[in-house]
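Report on one structure; see the data block that follows.
What follows is calculated from the coordinates using simple rules that are stated; it is not laboratory data. From a predicted model like this one, the values you see are computed outputs, not experimental measurements. Backbone-built Cβ (ideal geometry, glycine too); neighbour counts: all protein chains shown.
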Amino acid sequence: MMGGWRRTGFGVGGLVALAILFLGVVMLSNLGLTGMRLDLTQNRLYTLSPGTRQVLAEIKEPVNLYFYFSREAAAKQSPLVLPYATRVREFLEEITARSGGKIRLRVIDPQPFSEDEDRAAEYGLQSLDAGGGGDSLYFGLAGTNSTDGRSVIPSFQADREEFLEYDVAKLIHELAAPKKPVIGLMSSLGMQGQFNPSTGQMSEPWQVLGQIEQLFTLRTLNGDIDGIDKDVDVLMVVHPKNLPPKTLYAIDQFVLRGGRTLVFVDPFSGADTAGQDPSNPMAAATAGRASDLQPLLGSWGVAYDPTQVIGDSELGLEVRTSMQAPPVRHIGILGLRHANMDPKDVVTASLDAINLATAGSLAPRPGAKTSFEPLLQSSTSAAPIPAARFAALLDPATLRDGFKPTGLRYTLAARITGPVDSAFPGGPPPDYKPPAGPPVAHLAKSVSPANIVVVADTDLLLDFMWVQARELFGQRVAQAFANNGDLVANVLDNLGGSGALISIRGRASFARPFERIEELRRRADDRLRSKVLELESELKGTEAKLTELQSKRSDQASLMLSPEQVEEVKRFTAEKMNVRRQLRETQRGLDVEIDRLESWLKAINMVAAPLVVALTGFFLLSWRRRRRST
């Protein structure tokens with residue numbers, strides 16, 4: 001009896017000692033690991049990229065962030081939002097902790113009909129009806145700076161989870177540097193409106209320009225210049241034709257100085273009317289409607305053929321040549337979908353539809369130092385078509401005559417990054433005149449990695465390719481049916497940011513499956529599938545054997561089975577039971593293996609991980625005490 005009490009006492013004492021040890025370890029870890037963070041996720045989801053750290057380092061005035069999340073409404077409407085909201089909050093806390101006190105974060109759960117809810121609506125955050133009681137779900141971020149500037153993420157979307165870091169860093173950058181980027185536009189097309197001989201009036205400016213002017217400071221540049229102003233953040237070159245060497249040199253030096261550039265070239269521009277005969281507009285010379293930017297494209301590592309148009313039998317859109325004619329597929333006018341866009345680049349990740357017409361193709365030049373990243377691509381049902389075939393084209397159906405897809409995907413737009421050499425290694429061309437002011441040294445190489453986006457089409461900028469204008473209450477209202485304008489705005493917005501902001505790429509998703517368990521399930525499914533096929537094969541064979549035995553019976557009228565049939569049925573029944581037993585054993589083995597793995601995971605989470613953290617805190621605390629004593 002005494003031995004039993006003694007054993008019980010030892011058991012209780014052991015539990016008490018373990019509890020005291022656990023509390024002591026937790027206290028030591030709190031003292032030793034205060035302010036320390038360790039990111040053990042596979043994709044380093046909670047580790048800020050160098051670009052984000054640079055954005056934080058460039059903050060001069062405090063920035064206030066207000067994270068609005070309606071937890072109760074989210075639990076009612078969409079519980080799946082809760083894990084992502086936790087991920088967003090933890091990421092914002094990480095940014096706040098790494099900002100050195102320059103970012104102040106407030107987490108707000110706006111209750112219905114409260115001042116917090118009114119303030120969220122005032123900031124411009126989007127609310128989603130959660131149903132049942134009229135509650136609204138807020139899941140967004142608002143920011144302010146010391147000069148009353150504001151910037152918001154109206155709502156965090158799960159499909160942009162990979163760009164969470166970019167979106168938040170962009171908001172912070174906008175508040176830290178509120179000046180609108182300056183876009184320098186150099187175009188040979190009448191984008192700002194031109195005289196129309198048929199109507200005798202000036203045409204309206206292109207819709208894409210109005211969109212640019214709302215977001216940026218737009219400045220028109222001449223095609224005959226010796227230099228580009230230093231305050232131009234992004235140079236937008238549209239359909240460059242016959243540019244003089246000094247202008248090419250000015251663009252070259254702008255890129256080498258670190259200037260970002262967006263270029264639109266085209267092998268057959270529908271908007272180019274310079275080579276048309278007014279009496280016969282369809283008879284325009286092909287060469288007169290093509291644009292190129294050599295030798296700059298070559299020095300940037302881009303190969304481009306201005307005599308070839310990409311046709312695509314899969315992406316070709318249907319068009320009408322007249323009101324009376326039926327629609328016909330035009331393999332030179334392409335309707336790109338999300339699958340034809342780079343899902344990892346921030347400028348194309350959220351787009352769904354882009355329309356192009358008679359676009360060319362881009363490719364990396366062999367031996368180029370730059371990185372070539374496709375943004376827009378054709379399908380595999382594509383092939384080059386001579387641009388000359390589009391001159392005086394009356395029937396688009398004839399383009400399919402002799403058309404043979406190559407099975408390759410052609411790049412229609414690309415991002416070029418990395419070191420760039422000058423296209424003028426010998427210095428400025430003879431027609432170059434240095435601008436007034438202090439002399440500027442010739443650059444033979446880029447001082448920082450170049451960031452250039454090249455699009456092999458100009459027609460995507462035309463209104464009818466992406467927007468439809470309607471009269472509403474006496475006002476002209478534009479309604480977009482494609483993302484052409486969004487693509488241009490996204491590229492300019494991305495290039496107009498700081499170099500740190502541009503360097504931030506999409507991160508992996510935080511929602512990761514249990515890969516080991518899924519692998520076990522797949523292996524078991526394969527085994528089960530083979531057993532099922534084996535059973536089906538055995539069943540068919542047995543049925544065939546039964547039919548054969550039945551046909552050989554002497555007494556066709558008898559319903560009794562012959563001895564051979566009885567034995568065959570017994571054998572099949574035994575085999576079927578054996579296969580079923582194997583199926584059960586396979587499934588049971590899978591469950592045992594998964595349960596064992598889950599038990600190990602629980603043990604690691606409950607014991608090993610806290611123990612490692614506690615021991616780390618103990619050793620750090622001991623090390624600090626030894627340093628203080630010495």
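Using packing as a proxy for protection, rank 318-327, 381-390, 106-115 so that the peptide with the highest average count of other Cβ atoms within 10 Å comes first. Could the numbers behind the result be given before it?
Details: 318-327: 9.9, 381-390: 18.7, 106-115: 13.8.
The packing order, highest mean first, is 381-390, 106-115, 318-327.
So, by mean Cβ neighbours within 10 angstrom, what's the order for 349-361, 203-215, 457-469 with the highest one leading?
Details: 349-361: 22.4, 203-215: 16.4, 457-469: 20.8.
Highest to lowest by the protection proxy: 349-361, 457-469, 203-215.
Hey, got the dipole for the range 50-175? About the Cα centre, +1 on K and R Cβ, -1 on D and E Cβ, debye to the nearest 20? Mind dumping the intermediate values first?
Values: 14 positive and 21 negative charges, 85 e Å.
So the magnitude is around 420 debye.
Provide, for the range 53-189, the number of lysine pairs with alpha carbons under 29 Å apart, each pair being eight or more places apart or on different chains.
9
With all pairs of different alpha carbon atoms counted, what Kirkwood hydrodynamic radius in Å does the range 50-175 show? Mind showing how you got there, number by number?
Working: mean 1/r = 0.0673 Å⁻¹.
When all Cα pairs of the range 50-175 are included, the Kirkwood radius is 14.9 Å.
Using packing as a proxy for protection, rank 176-184, 405-413 so that the peptide with the highest average count of other Cβ atoms within 10 Å comes first.
Per-residue Cβ counts within 10 Å, averaged per peptide and sorted highest first, yield 405-413, 176-184.
Counting Lys and Arg as +1 and Asp and Glu as -1, each charge on the Cβ, what is the dipole of the range 176-265 about the Cα centre in debye, to the nearest 20? Present the calculation step by step, with values, prior to reporting the outcome.
Numbers: 8 positive and 8 negative charges, 38 e Å.
With only Lys, Arg, Asp and Glu charged at Cβ, the dipole is about 180 debye.
Under the rule of at least 5 residues apart or a separate chain, name every residue whose amide H is placed under 5 Å from the amide H of D135.
Under 5 Å from the amide H of D135 lie the amide H atoms of A130, each far enough along the sequence or on another chain.
Which whole number of Å³ per residue matches the convex hull of the alpha-carbon atoms in the range 358-466? List each step's numbers first, then the result.
On the way: hull volume 22.7 nm³, N = 109.
Here the figure is 208 Å³ per residue.
Computed FRET efficiency, Cβ-Cβ of D352 and E567, R0 45 Å: what is it to the nearest 0.05?
Values: r = 65 Å, r/R0 = 1.44.
Calculated value: 0.10.
Using θ = phi - 60° and the Karplus form 6.51 cos²θ - 1.76 cosθ + 1.60, what ³J(HN,Hα) does each residue of the range 245-255 get, whole Hz, x for Gly and Pro?
x, 5, 5, 4, 5, 4, 5, 4, 5, 4, 5
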